[in-house]
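I have a structure here, written as structure tokens, and I will follow up with some questions on it.
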Amino acid sequence: MTWLDLVADKALHREPPTRDEALAVLASADDELMDVVAAAFRVRREFFGRRVKLNYLVNVKSGLCPEDCFYCSQRVGSAADVLKYTWLKTDEVIASAEAGVAGGARRVCLVASGRGPTDKDIDRISATIEGFKQRNPDVEVCACLGLLSQGQAERLAAAGTTAYNHNLNTSGGHYADICTTHEYADRVATVESAKSAGLSPCSGLIAGMGETDEDLVDVAFALRSVNPDSVPVNFLIPFDGTPLEGHWQLTPQRCLRILAMVRFVCPDAEVRLAGGREIHLRTLQPLALHIVNSIFLGDYLTSEGQAGSADLAMIADAGFTVEGAPDAPDAPDAPDDRAARTGLVHVRRRGAGTDLPANA
Ligand code: SF4
């Protein structure tokens, strides 16, 4: 039995690896890469079979943020070329979200730039969520609105919100290197408020921001300790006009190791391949499906992902099935037929952009 078999066996029993084992996954040699993927796949298959959950982002408010998150092109003073607009109207949000649902998304993620919502913002987004849920009662709604004040999570839950996303992003020790306008503890507190209100906690990380392997392991264990239902893993797109411009430090192989480490630390969480997957994993994206069980469909907040039809084709070609699809888990159709039938020939957000998910 290899050390990776032992790590996978523990994960199958929902036990985390030791810190040294998690570090060893990140430091594993290229010759071991397929063994790492295979071990992570054992865990993924145990808890999620071959299903892939599709999520769809709607950028309900873009740019003009007073915070200074170094990775974000919507930050204060950003010179990045992003769309800037205040809250979309309810019918605009619903129309955009329903395009993702038509493509197979089981969850829509309503994301607003900014430090956090005002109570008036909560009124507005609650009305939107209620309107969407009346028309799409089976579709999950995740809100991602920044730091929450007292009572706001409860109001979102009362409006029918399923989940709340607020990422820890990086380790507590590295946090001051990526943001100076709020603290790591603020982020943890918002995840805890969402949980207390009965919202499904969604919290993840961004890799590639100058962190060490120890930071990555720290944030993975910190995420395990807040017990999120879903863990988005973003890979930094170092956009021009941000402090992390030109900061390229990831390879496709490293991205796979990071995803596997997160899978071992949070074995039964929905691990979601999020921003930066196309640009960093490139042709290795299908291998990542053996580790993660969830992706964003189509575009991100202000950056383009690959076309939704390409996502569906990739899932089918790799032998996986879309969660909740009428024909899952049996053999998928030819990708073109499937994309046409779902109506998702090409889900695209307006404006080519430059950003990672905000409030990531
Ligand atoms: S991540 Fe969110 S809070 Fe930070 S600068 Fe971007 S929009 Fe503002």
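Coordinate-derived values only; no laboratory data. From a predicted model like this one, the values you see are computed outputs, not experimental measurements. Methodologically, a virtual Cβ is constructed for each residue, glycine included, from the backbone with ideal geometry; neighbour enumeration extends over all protein chains shown.
Taking neighbour Cβ counts within 10 Å as the exposure measure, how do S171, S73, S294 sort from fewest upward?
Result, fewest neighbours first: S171, S294, S73.
What does the charge count near G114 come to, summing +1 for each Lys or Arg and -1 for each Asp or Glu among other residues with Cβ under 13 Å from its Cβ?
+3
From the square roots a ≥ b ≥ c of the eigenvalues of the alpha-carbon gyration tensor of the chain, which class results: rounded (a/c under 1.5), prolate (a/b over b/c), or oblate?
Since a/c stays below 1.5, the shape of the chain is classed as rounded.
Determine ³J(HN,Hα), in whole Hz, for all residues of the stretch 179-194 in sequence, where each value follows from phi through the Karplus function 6.51 cos²θ - 1.76 cosθ + 1.60 and θ = phi - 60°; x replaces Gly and Pro.
Each residue's phi maps through the Karplus curve to give 6, 10, 9, 8, 10, 3, 4, 4, 5, 4, 4, 5, 4, 5, 5, 4 Hz.
Further question on the same structure: Take the alpha-carbon centre of the stretch 182-218, take the same for the stretch 261-288, and report the distance between them in whole Å.
17
Now for a separate question. Report ³J(HN,Hα) in whole Hz for each residue of the stretch 110-127, in order, from the Karplus equation J = 6.51 cos²θ - 1.76 cosθ + 1.60 where θ = phi - 60°; Gly and Pro get x.
9, 10, 10, 6, x, 5, x, x, 7, 5, 5, 4, 5, 4, 5, 6, 5, 5
Quick check on the stretch 78-204: take the gyration tensor over C-alpha atoms, sort the square-rooted eigenvalues as a ≥ b ≥ c, and tell me if it's rounded (a/c under 1.5), prolate or oblate.
prolate
Straight distance only, please: which aspartates and glutamates reach the Cα of K84 with their own Cα at less than 19 Å, same-chain residues fewer than 8 apart left out?
Straight-distance partners of K84: E67, D68, E92, D121, D240, D299, E304, D355.
Moving on to the next point. Please order M209, M261, M1, M34 by the number of other Cβ within 10 Å, starting at the fewest.
Fewest-to-most Cβ neighbours within 10 Å comes out as M1, M34, M209, M261.
Step through the residues of the stretch 93-107 one at a time and calculate ³J(HN,Hα) from phi using the Karplus curve (6.51 cos²θ - 1.76 cosθ + 1.60, θ = phi - 60°), rounding each to whole Hz and writing x for Gly and Pro.
5, 5, 4, 5, 4, 5, 5, x, 4, 4, x, x, 5, 9, 9
Amide H neighbours of V322 under 5 Å, at least 5 residues apart or on other chains, H built in the peptide plane: list them.
V52
Here's a follow-up. Can you give me the C-alpha center-to-center distance between the stretch 236-260 and the stretch 54-90, rounded to a whole angstrom?
Each part reduced to its Cα centre gives a spacing of 20 Å.
So, one more: How many angstrom separate the Cα center of the stretch 1-18 from the Cα center of the stretch 133-157?
Computed from Cα coordinates, the inter-centre distance equals 35 Å.
Identify, among T212, C69, G151, the residue whose Cα sits farthest towards the positive end of the charge dipole of the chain, taking +1 on the Cβ of Lys and Arg and -1 on the Cβ of Asp and Glu, with the dipole about the Cα centre.
G151
About its Cα centre, how strong a charge dipole does the stretch 3-342 have in debye, to the nearest 20, once Lys and Arg get +1 and Asp and Glu get -1 at the Cβ?
That gives a dipole near 700 debye.
Which lysines have a Cα lying under 18 Å from the Cα of K120, excluding residues fewer than 8 positions away in the same chain?
K61, K89
While we're here: Rounded to the nearest 500 deg cm²/dmol, what is the calculated helix-only ellipticity per residue at 222 nm for the chain, with -39500 (n - 2.57) per DSSP H run of length n ≥ 4?
Calculated from helices alone, the mean residue ellipticity at 222 nm is -11500 deg cm²/dmol.
How would you classify the stretch 1-40 from its alpha-carbon gyration tensor, with a ≥ b ≥ c the square roots of the eigenvalues: rounded for a/c under 1.5, else prolate if a/b is greater than b/c, otherwise oblate?
In terms of gyration-tensor shape, oblate.
Quote the charge dipole size of the stretch 236-297 about the Cα centre in Debye, to the nearest 20; the model charges only the Cβ of Lys and Arg (+1) and of Asp and Glu (-1).
220
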